[in-house]
Amino acid sequence: MTSRDYYADSYAHFGIHEEMLKDTVRTGSYRAAIIQNPHLFKDKTVLDVGCGTGILSMFAAKAGAKHVVGIDMSNIIDQAVKIIEANGFKDTITLVKGKLEDTELPIKEFDIIISEWMGYFLLYESMLDTVLDARDKYLKPGGLIFPDRATMYIAAIEDQDYKEEKINFWDNVYGFDYSCIKDIALREPLVDTVELKAVVTDPCILKEINITTAKKEDLTFTTPFRLKSTRNDYIHAFLAWFDVSFDCTHKKVSFSTGPHAKYTHWKQTVFYTPETITIGAGEDLTGTLSCAPNLRNNRDLDITISYQCGEFSDSVDYKMNGSNRI
Ligand code: SAH
């Protein structure tokens, strides 16, 4: 493949799979949820949506699945074929190259769907739509989905130093006024890790998604939030993250991508506010967050946060478009 092909097929290079596989919170949680529940997998048919290198398919086969079908539209599946063979799973795992939505699968009904579909801010470039399609087309009534619940959270943070470096930097670049870029930079949420001590308010749930029942329309939403401050401080940004859980399992395996939890490659997402907000302990910062796929480019997310704190109120339109990763 040329570098141009790799650009069009962003999952083709092993590097992105290396990052996901080395994310032990992510991969270890899937492994625990699958391997520790052989009673759920024994003699079952399993569909792995977006199988990548085949790791989840192999967990399912090890857990006793009768047959696993892994599908992926990226050329990484050529490596998955070799990996499945090298590990002795050729008879239990069938791999299919193609886009789930446009491909006929060799099995028409499955007992279990497994998929790692989550993106930054949960929904950015996420393939949840594809998983919902797979569910409606292939999952037997009463079948299981791994994972089956995702929860998005919001809080507010003190982030003076980093805001200075990333946003206010544009006020003075080698003595020149670059402030026109400041407004653009502010509207791009930043994917980065944030220390727990930067969090000024209690977190608030933004959205719960039950994967067994969710509809595509549910991924466009407006939710009110109320954030209670835990101390007197300044607020420079909102912070969002998500948790994922496998509720259908006995031990309810779950993991969090929040600032209180162990590092994951999803980090957290930071939304800088134009003005610094001053808040007192026990005071509320209230608002609404709206999230929708961009109408022109549905890979991008349009996010609007409107908020009030005391006399102060503002509303900011953000756009996640892939250039915001640290
Ligand atoms: N399951 C693997 C890879 C997860 S990354 C693991 O856990 O390590 C998501 C994978 O889904 C990528 O390899 C991507 O190519 C694939 N994918 C995304 N949308 C898809 C679609 N509509 N049809 C088939 N594969 C898809």
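The values are calculated or read from the model by the stated rules, or taken from the named source; none is laboratory data. Fair warning: this is a prediction, and the values are worked out from it, not measured in the lab. Neighbour counts are summed over all protein chains in view; Cβ atoms, including those assigned to glycine, are modelled from backbone coordinates with ideal geometry.
Descriptive notes on the structure:
- Residue in region 207-214 that is in contact with a Leu (Cβ under 6 Å, 6 or more places away or on another chain) and on the phi < 0 side of the Ramachandran plot present: no
- Flag if N168 is in contact with a Phe, Trp or Tyr (Cβ under 8 Å, 6 or more places away or on another chain), without any contact (Cβ under 8 Å) to a residue 40 or more places away in the chain and not hydroxyl-bearing (S, T, Y): no
- No other residue among I205, I235, I184, I209 is assigned to a helix (DSSP H, G or I) and either β-branched (V, I, T) or without any contact (Cβ under 8 Å) to a residue 60 or more places away in the chain (or both) apart from I184.
- Here K163 meets each of (1) touching a residue at least 60 places away in the same chain (Cβ under 8 Å); (2) farther than 29 Å from W117 by Cβ; (3) assigned to a strand (DSSP E or B) with one exception, condition (3).
- Residues of region 125-160 that turn out to be assigned by TED's automatic domain parsing to the domain that holds A281 and modelled with pLDDT under 95, as a count: 0
- Pair list, Cβ < 6 Å and 6+ apart or interchain, from region 290-310 residues that are in the same structural domain as K216 (by TED's automatic domain parsing) and farther than 30 Å from G280 by Cα to residues that are of a type outside the set (D, E, K, R) and surrounded by fewer than 15 Cβ atoms within 10 Å (Cβ to Cβ): A292/T220; D300/N294; D302/N294
- Tabulated pairs, region 263-286, first under 30 Å from K22 (Cα atoms) and free of Cβ contacts under 8 Å to residues at least 24 places away in the same chain, second assigned to a loop (DSSP other than H, G, I, E, B) and not aromatic (F, W, Y), C-beta under 7 angstrom, 6+ apart or interchain: none
- Every condition in (1) under 18 Å from V316 (Cβ atoms); (2) aliphatic (A, V, I, L, M); (3) over 15 Å from the mean Cα position of the chain (by Cα) is met by A281 except one, and the failing one is (1).
Matching residues to (1) in contact with a Cys (Cβ under 9 Å, 6 or more places away or on another chain); (2) under 23 Å from D133 (Cα atoms); (3) in contact (Cβ under 8 Å) with a residue 40 or more places away in the chain; (4) in the same structural domain as S254 (by TED's automatic domain parsing):
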position	(1), (2), (3), (4)
Y11	no, yes, yes, no
K44	no, yes, yes, no
K62	no, no, no, no
E85	no, no, no, no
K99	no, yes, no, no
E104	no, yes, no, no
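- In region 26-74, residue nearest to the chain's Cα centre (by Cα) [restricted to those that are on the phi > 0 side of the Ramachandran plot and within 15 Å of the ligand (Cβ to nearest atom)]: G50
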